[in-house]
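A.B. asks: Right, I'll just put the structure down here and ask away after.
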Amino acid sequence: MSDQQLTARGAATRQRIIDVATREFAEHGIAGARIERVVAAARTNKAQLYAYFGNKEGLFDAIFFGSLERIVNVVPIDATDLAGWAVRLYDEYIERPELIRLATWARLERRPTGHLVADTDRLDQSKLQAITDAQQAGLVRDGDPFDVMAMVIAMSMAWSPVSNVYAASSDEPAETHDRRRDFLRESVRRAVAPA
């Protein structure tokens with residue numbers, strides 16, 4: 001059902017489902033999420049949820065791909081300042097930890113190897129082109145643009161909510177986040193600097 005066909009009340013219900021299900025999937029994963037909890041918290045019913053999303057997998061897909069688009073739009077790449085991009089990604093992970101958790105569940109439960117999403121669903125072409133252009137301009141070290149992007153993203157996730165070393169939160173002192181931002185910025189700057 002497209003958003004254009006929804007009444008204001010229907011759109012509000014659909015958004016409540018998305019908001020509740022985002023938290024549910026982020027906390028429990030695809031297999032552990034329960035539609036019963038989602039519909040109860042969203043004050044709707046299974047029939048309505050299924051009418052909007054088809055099934056549990058369709059609901060996860062809507063939320064997951066929406067989160068991928070959000071990252072692309074809210075934290076657009078600047079290949080002339082990959083260090084600044086990494087810091088903005090760090091901030092987004094702290095601000096919206098559910099986004100990175102959804103990606104982690106997709107990795108664990110759907111695609112344990114290879115790209116996180118199918119080639120037809122990838123949203124990284126503009127990022128790769130930006131890195132290629134920066135490399136050609138002598139601003140970024142040579143190498144496969146995908147590998148450069150993957151390394152910067154991995155560095156930005158060092159303290160993310162899914163870090164296997166230390167998961168940061170927005171409750172930590174501002175000075176701690178500032179220190180990490182400075183360290184991340186300098187580390188990425190050195191990693192991607194032309195030889």
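The values are calculated or read from the model by the stated rules, or taken from the named source; none is laboratory data. For clarity, every value in this text was computed on a predicted model and none was experimentally measured. Glycine also receives a Cβ, built like all others from the backbone with ideal geometry; neighbour counts cover every protein chain displayed. Accessible surface areas use protein heavy atoms only, side chains included; no ligands, DNA or RNA. Shrake-Rupley method; radii C 1.70, N 1.55, O 1.52, S 1.80 Å.
A.B. asks: Loop-only check: which trypsin sites (Lys or Arg not before Pro) in the range 6-60 are DSSP coil with at most 13 other Cβ within 10 angstrom? Walk me through the intermediate numbers first.
C.D. replies: Details: sites: 9, 14, 16, 23, 34, 37, 43, 46, 56; in loops: 34, 43.
Hits after loop and neighbour filter: 34, 43.
A.B. asks: Moving on to the next point. If you line up the Cα atoms of the range 1-70 on their principal axes, what length do they span on each, largest first, in Å?
C.D. replies: 31, 27, 17
A.B. asks: Please work out the average accessible area per residue across the range 110-153, using the 1.4 Å probe convention, and give it in Å².
C.D. replies: Working: 2690 Å² over 44 residues.
It amounts to 61 Å² per residue over the range 110-153.
A.B. asks: Treating only the Cβ of Lys, Arg, Asp and Glu as charged (+1, +1, -1, -1), what charge dipole size does the range 109-195 show about its Cα centre? Round to the nearest 20 debye. The partial results should precede the final answer.
C.D. replies: On the way: 11 positive and 14 negative charges, 25 e Å.
Roughly 120 debye, rounded to the nearest 20.
A.B. asks: Continuing with this model, one more query. What do you get for chymotrypsin sites (Phe, Trp or Tyr not before Pro) in the range 123-183 restricted to DSSP loop and a cutoff of at most 16 other Cβ within 10 Å of the site's Cβ? Please report the intermediate quantities before stating the final value.
C.D. replies: Values: sites: 146, 159, 166, 183; in loops: 159, 166.
When the chymotrypsin sites (Phe, Trp or Tyr not before Pro) of the range 123-183 are filtered for loop state and at most 16 Cβ neighbours within 10 Å, 166 remain.
A.B. asks: Moving on. In a solvent-free Debye calculation with one equal scatterer on each Cα, what is log10 I(q)/I(0) for the range 64-122 at q = 0.23, 0.25 Å⁻¹, listed in the order of the q values?
C.D. replies: Relative scattering, expressed as log10 I(q)/I(0), comes to -1.02, -1.11.
A.B. asks: If you roll a 1.4 Å probe over the range 30-86 with all protein chains in place, what percent of the accessible area is carbon or sulfur? Let's see the in-between values first.
C.D. replies: Working: 1330 of 2570 Å².
About 52 percent, which is the carbon plus sulfur part of the accessible surface.
A.B. asks: From the helices alone, meaning DSSP H stretches of at least four residues, give me the mean residue ellipticity at 222 nm for the chain, per-run term -39500 (n - 2.57), in deg cm²/dmol to the nearest 500. If you can, show how the numbers build up before the last one.
C.D. replies: Values: 9 runs with 129 residues, N = 195.
Value at 222 nm, helices only, nearest 500: -21500 deg cm²/dmol.
A.B. asks: Any idea of the accessible area per residue across the range 11-94, 1.4 Å probe, to the nearest Å²? Mind dumping the intermediate values first?
C.D. replies: On the way: 3600 Å² over 84 residues.
Here the residues of the range 11-94 average 43 Å² of exposed surface.
A.B. asks: Once phi is turned into θ = phi - 60°, what whole-Hz ³J(HN,Hα) does the Karplus curve with 6.51, -1.76 and 1.60 give for every residue of the range 57-64, x standing for Gly and Pro?
C.D. replies: Residue by residue, the range 57-64 yields 5, x, 5, 4, 4, 4, 6, 5 Hz.
A.B. asks: From the P(r) of the chain, can you give the percent of Cα pairs sitting at distances over 21 Å? Kindly include the intermediate steps, with their values, before the conclusion.
C.D. replies: Details: 10835 of 18915 pairs.
Everything past 21 Å amounts to 57 percent.
A.B. asks: Shifting gears a bit: Just to be sure I understand: with springs between alpha-carbon atoms less than 10 Å apart, which residue in 144, 78, 119 has the highest mean-square fluctuation in the Gaussian network model of the chain?
C.D. replies: Taking springs between Cα atoms under 10 Å, the residue moving most is 119.
A.B. asks: Given C-alpha coordinates of the range 109-174, what is the ratio Rg to Rh with the Kirkwood estimate of Rh? Write down the numbers at each step before the final one.
C.D. replies: Numbers: Rg = 15.1 Å, Rh = 14.2 Å.
Result: Rg/Rh = 1.07.
A.B. asks: Using a Gaussian network model on the chain with a 10 Å cutoff between Cα atoms, which of 98, 36, 172 fluctuates the most?
C.D. replies: For the chain, modelled as a Gaussian network with Cα springs under 10 Å, the answer is 172.
A.B. asks: Along the Cα-to-C-beta direction of residue 65, a point sits 7 Å from the Cα; which residues of the range 28-55 have their amide N less than 14 Å from that point?
C.D. replies: Zone members listed by number: 53-55.
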